[in-house]
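Undergrad: Here's a structure for you.
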Amino acid sequence: MTADALRGTKCPVDSTLRLLSGKWRLIVLFNLEQGSLRWGQLRRNLSPITPRVLTATLRALEDDDLIWRRVENTVPPQVSYGLTPRGKDLSPVFGAMGAWGAQHLQ
């Protein structure tokens, strides 16, 4: 079956790709795999991402229950992000992608 034929079906690969599609989603998730980070740390790690795109990407990932957002009650408020259990389930995907890249992109 082609990818076009699978659209609208319950194809698990298509479902996964829809969750991870977008220029920054995978990179944000990969950065959070090592532990929680504050917004500014993510911004530095993901340069040249714009603040608007980073915020939109984080909100979308939170809506998809792949990351959590915690606001510290400080002045100014400190906002941290991390992977939810559902987001942590993607670790083998990152491992497989890294292994494939190491093997084929030398």
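The values are calculated or read from the model by the stated rules, or taken from the named source; none is laboratory data. Note that this is a predicted model, so its numbers are computed, not measured. Backbone-built Cβ (ideal geometry, glycine too); neighbour counts: all protein chains shown.
Undergrad: Taking the criterion of being surrounded by 12 or more Cβ atoms within 10 Å (Cβ to Cβ), part of a helix (DSSP H, G or I) and in contact with a helix residue (DSSP H, G or I) (Cβ under 8 Å, 6 or more places away or on another chain), would at least one residue in the range 79-91 satisfy it?
TA: The answer is yes, given that some residue of the range 79-91 is surrounded by 12 or more Cβ atoms within 10 Å (Cβ to Cβ), part of a helix (DSSP H, G or I) and in contact with a helix residue (DSSP H, G or I) (Cβ under 8 Å, 6 or more places away or on another chain).
Undergrad: Report, by residue number, each residue of the range 16-39 that is surrounded by 12 or more Cβ atoms within 10 Å (Cβ to Cβ) and either at positive phi or among the small types (Gly, Ala, Ser) (or both).
TA: Selection gives 22, 36.
Undergrad: While we're on this one: Of all residues in the range 32-43, which are over 13 Å from residue 80 (Cβ atoms) and either polar (S, T, N, Q) or modelled with pLDDT under 90 (or both)?
TA: 34
Undergrad: Would you call residue 65 over 18 Å from the mean Cα position of the chain (by Cα) and either modelled with pLDDT of 90 or more or of a type in the set (D, E, K, R) (or both)?
TA: No, not satisfied.
Undergrad: Here is a follow-up. Assess whether residue 69 counts as being basic (Lys, Arg) and surrounded by fewer than 15 Cβ atoms within 10 Å (Cβ to Cβ).
TA: Criteria met by residue 69.
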